[in-house]
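K.L.:
My questions all concern the structure below.
The values are calculated or read from the model by the stated rules, or taken from the named source; none is laboratory data. All figures in this text were calculated on a predicted structure; none of them were measured in a lab. Note that we place each Cβ from the backbone using ideal geometry, even for glycine, and neighbour counts take in every protein chain shown. For accessibility, only protein heavy atoms count, side chains too; no ligands or nucleic acids. Shrake-Rupley method; radii C 1.70, N 1.55, O 1.52, S 1.80 Å.
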Amino acid sequence: MCLSAQVSLGAAAILIPAGAVAGAAAWRQDRRYVMIATLPFLFGLQQLVEGMVWIEGRAGNLHHVAQYSLLYMFFTWIAWPIWVPLSAYFLESGGRRNLILLFVIAGAMLGGLQFIPYFVHDGWLTTTYLRWAVRYQDVNLLDGLVSRVVTYAIYVTVVIVPFLLVRDWRIKIFGLLVAGVLVVTYVFFSYAYISVFCFGGAVISAYLLAMIWHRRHISSR
């Protein structure tokens, strides 16, 4: 998260238990919503990891910084492009569900191509610190084939379009919120877009928590 270790850890302290409660509530009410309900939990884990990136960086433990940075990028390249469309997949049926499955497959392929090479090539992932942000700079396997704009366009499509395909209007709104965060990140925070985008994701998790709480309130009547 682009602020400090304290803010990242504070966000994690809120999102992890809240996401766990939301996931449990969805499990009891409608299990189709379990994966999307636990997104705040995953965002909380990612913020916990970035808090450790801050702490280890201040301590000068470069080896631990590298390890936590890899874990952070695991969420970026593996968790989100797979978990997000998969969470939409379970909310749909019929032809739309089959279409969303294509996004799950595309997300898995893209994530694997981007993340696995970090373990093979030293220096393909570097972490630097700005005053209020962590900057993760990397070399992408696809850089030799297409521009970063194309890679990120595929990524954005994978994490937004599945939500817009879901019939539930509340899920569509969440997809639009994600799109809004991406636009703001690209326009104003391109120097640390990975960190800032995940911060925005943590913030809009509040919408998911409110949605699950509202469903729980209605079902208990």
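K.L.:
Leaving out ligands, DNA and RNA but keeping every protein chain, what accessible area does PHE90 have, in Å² rounded to the nearest 10, with a 1.4 Å probe?
P.N.:
That residue has around 80 Å² of solvent-accessible surface.
K.L.:
Kirkwood-based Rg over Rh for the stretch 1-88 (C-alpha set), two decimals?
P.N.:
We get a ratio of 1.06 for the stretch 1-88.
K.L.:
Label VAL120 and ASP30 with points 7 Å out from Cα along Cα→Cβ: what is the distance between them in nm?
P.N.:
Between VAL120 and ASP30, the simple spin-label model gives 4.3 nm.
K.L.:
Please work out the average accessible area per residue across the stretch 110-153, using the 1.4 Å probe convention, and give it in Å².
P.N.:
Spelled out: the 1.4 Å probe surface of the stretch 110-153, per residue, equals 59 Å².
K.L.:
Here is a further query. Suppose the chain between ILE105 and TYR129 were pulled fully straight at 0.36 nm per residue; how much longer would it get relative to their current alpha carbon spacing?
P.N.:
Result for the pair: 5.3 nm of gain on full extension.
K.L.:
How much mean residue ellipticity at 222 nm does the chain get from its helices, if each DSSP H run of length 4 or more adds -39500 (n - 2.57) and you divide by all residues, to the nearest 500 deg cm²/dmol?
P.N.:
Numbers: 9 runs with 160 residues, N = 221.
After summing the helix terms and dividing by residue count, I get -24500 deg cm²/dmol.
K.L.:
Related question: Calculate what fraction, in whole %, of the accessible area of the chain sits on carbon and sulfur atoms when a 1.4 Å probe is rolled over the protein chains.
P.N.:
71
K.L.:
If you don't mind, there's one more thing I want to ask. ARG58 versus VAL184, label points 7 Å from Cα toward the beta carbon: distance in nm?
P.N.:
The modelled label-to-label distance comes out at 2.6 nm.
K.L.:
Can I ask one more? Let's see if you can work this out: charge +1 on each Lys and Arg Cβ, -1 on each Asp and Glu Cβ, no other charges. What is the dipole magnitude of the chain about its Cα centre, in debye to the nearest 20?
P.N.:
Its charge dipole is roughly 880 debye.
K.L.:
When a/c is below 1.5 the answer is rounded, else prolate if a/b is larger than b/c, else oblate, so apply that to the stretch 95-134 with a ≥ b ≥ c taken from the square roots of the Cα gyration tensor eigenvalues.
P.N.:
Here the stretch 95-134 falls in the oblate category.
K.L.:
Just reorder ARG32, ARG148, ARG131 by solvent-accessible area, largest first, 1.4 Å probe, all chains present.
P.N.:
Correct descending sequence by accessible area is ARG131, ARG32, ARG148.
K.L.:
Here is a follow-up. Under a 1.4 Å probe, what is the accessible area of the stretch 1-64 per residue, stated in Å²?
P.N.:
43
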